[in-house]
Amino acid sequence: MGQRIRTAIVAIPIALFLIRMGGLLFALGVLILGLVGFWEYRNMLTRDGIRVYQATGILGIGLLIAGAGLGKPEWLLPLTTLFSLLVMLEGLYFYAEGHFPENTGLTCMALVYLGLPFAHFILLRELTGGMHPVPLWGEVSLGEALLWTVMFATWASDTFAYFGGRAFGKTKLLPKVSPKKTREGALCGFIGCVATVWALGSLWLQYPLVPVLLLGVGIGFFAPLGDLVESILKRSGDIKDSGNFFPGHGGVLDRCDSLIFSVPFAYYFITLVLLG
């Protein structure tokens with residue numbers, strides 16, 4: 001418990017500062033998280049006897065996040081396509097040479113599972129619009145306000161699911177994937193998530209009720225899905241935590257698994273529906 005508290009004392013102010021600052025500083029923080037997340041992903045697969053292309057994976061993920069940081073979202077699709085093709089060409093070359101290459105499919109998956117989602121953290125944070133007041137904090141930009149909304153909603157999903165499961169949980173959700181999760185806990189997490197989005201999106205940011213509730217429903221679905229996907233990866237490597245980047249709390253993927261799914265959904269829903 002002491003280690004968890006010490007890590008939180010250091011990590012939370014850094015996260016607050018980077019999100020508050022935005023721009024290149026925030027992009028650099030996201031880049032570090034993305035690259036550490038790839039290393040954890042690689043290590044989990046290695047424990048299961050699977051190798052992925054390190055150099056191509058690191059370069060591809062780094063450039064995807066850098067593209068978002070430089071304000072070039074139009075780069076994301078071409079870069080993903082380019083590096084997927086490069087990975088496949090690497091595999092073809094090594095097979096032709098008679099070597100046992102790394103897994104091409106799971107290397108390409110890293111671009112989609114890590115590079116693109118982390119890039120969308122930046123795209124969401126840098127959305128422009130009006131300023132919104134926060135008591136004892138000052139005014140925050142639209143992008144910062146929306147990022148906090150999605151993050152708080154995702155955390156609410158996890159927190160309500162945990163305590164709801166402990167209080168009411170009886171029916172296992174997916175026992176072969178995550179034995180401790182229950183349907184009752186998942187329902188509590190979903191309700192807590194939708195309520196949080198309603199409070200922040202409708203009462204604070206003053207967006208119309210129906211699209212705000214739909215945003216909450218989407219986050220309430222995608223956030224636990226991200227948690228379950230990471231559980232599959234950890235189960236394949238027979239490990240409890242993806243890493244130790246946050247001592248006492250686990251790795252980057254342990255802390256960001258739900259956000260990896262909820263942030264990209266939220267970005268496109270917000271830009272196409274809420275702001276469209």
Compute, for I12, the solvent-accessible surface of its heavy atoms (probe 1.4 Å) with the complete set of protein chains present, and express it in square angstrom to the nearest 10. 100
Tell me which of T159, F246, S178 sits at the most positive position along the dipole axis of the range 129-253, charges placed on C-beta atoms (Lys, Arg +1; Asp, Glu -1). S178
From the phi of every residue in the range 249-257, what ³J(HN,Hα) in whole Hz does the Karplus formula 6.51 cos²θ - 1.76 cosθ + 1.60 yield, where θ is phi - 60° and glycine or proline is x? 10, x, x, 4, 5, 5, 7, 10, 4
For the chain, the count of lysine pairs 8 or more apart or interchain whose alpha-carbon atoms are under 25 Å apart comes to 14
The set of residues whose placed amide H lies less than 5 Å from the amide H of N103, leaving out same-chain residues fewer than 5 positions away, is R51, V52, Y53
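Give me the number: length gained by fully extending V229 to N103, i.e. 0.36 nm times residue separation minus the C-alpha to C-alpha distance, one decimal in nm. Walk me through the numbers before you get to the answer.
Working: separation 126, 0.36 × 126 = 45.36 nm, distance 1.87 nm.
Contour length minus the Cα-Cα distance gives 43.5 nm.
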Against the longest alpha carbon principal axis of the chain, how many degrees, from 0 to 90 and to the nearest 10, is the axis of helix 183-197 turned? 60
Using the heavy atoms of the protein chains and a 1.4 angstrom probe, tell me the accessible area per residue for the range 7-157 in square angstrom. 48
Quick calc: nm separation of the 7 Å Cα→Cβ label points for H249 and V210 -> 3.9
Between T81 and L25, what is the label-to-label distance in nm when each label sits 7 Å out along the Cα-to-Cβ direction? 3.7
Under 5 Å between amide hydrogens, which residues at least 5 positions from T182 or on another chain qualify, with H placed 1.01 Å from N in the peptide plane? L173
Please report, in debye to the nearest 20, how large the charge dipole of the range 6-84 is about its Cα centre when each Lys and Arg carries +1 at its beta carbon and each Asp and Glu carries -1 there. 180
Hey, what's the range 167-276 come to in accessible area per residue, 1.4 Å probe, Å²? 50
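Once you charge only the Cβ atoms, +1 for Lys and Arg and -1 for Asp and Glu, what is the size of the charge dipole of the chain about its Cα centre, to the nearest 20 debye?
For this selection, approximately 820 debye.
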Expressed in nanometres to one decimal, the distance between label points 7 Å along Cα→Cβ at I9 and R51 is 4.3
Among [x] 47, 41, 38; [y] 53, 48, 37; [z] 62, 46, 37, the value of Cα extents along the principal axes in Å computed for this structure carries the label [z]
Of the accessible area of the chain, computed with a 1.4 Å probe and all protein chains kept, carbon and sulfur make up a percent value of 70
Only helices counted: for the chain, with every DSSP H run of 4 or more residues adding -39500 (n - 2.57) and the sum spread over all residues, [θ] at 222 nm is -23000 deg cm²/dmol
Crossing angle, helix 209-237 versus the chain [Cα axis fit, 0-90 degrees, rounded to tens]: 30
Of the residues G138, G237, G105, which exhibits the maximal mean-square fluctuation in a Gaussian network model of the chain defined by a 10 Å Cα contact cut-off? G138
Can you pull the percent of Cα pairs in the range 123-276 with separation above 23 Å? 40
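The values are calculated or read from the model by the stated rules, or taken from the named source; none is laboratory data. Source: prediction; values computed, not measured. FYI the Cβ positions are ideal-geometry reconstructions off the backbone, even for glycines, and counts take in every protein chain you see. These area figures cover heavy atoms from the full protein model, side chains too; ligands, DNA and RNA do not enter into them. Shrake-Rupley method; radii C 1.70, N 1.55, O 1.52, S 1.80 Å.
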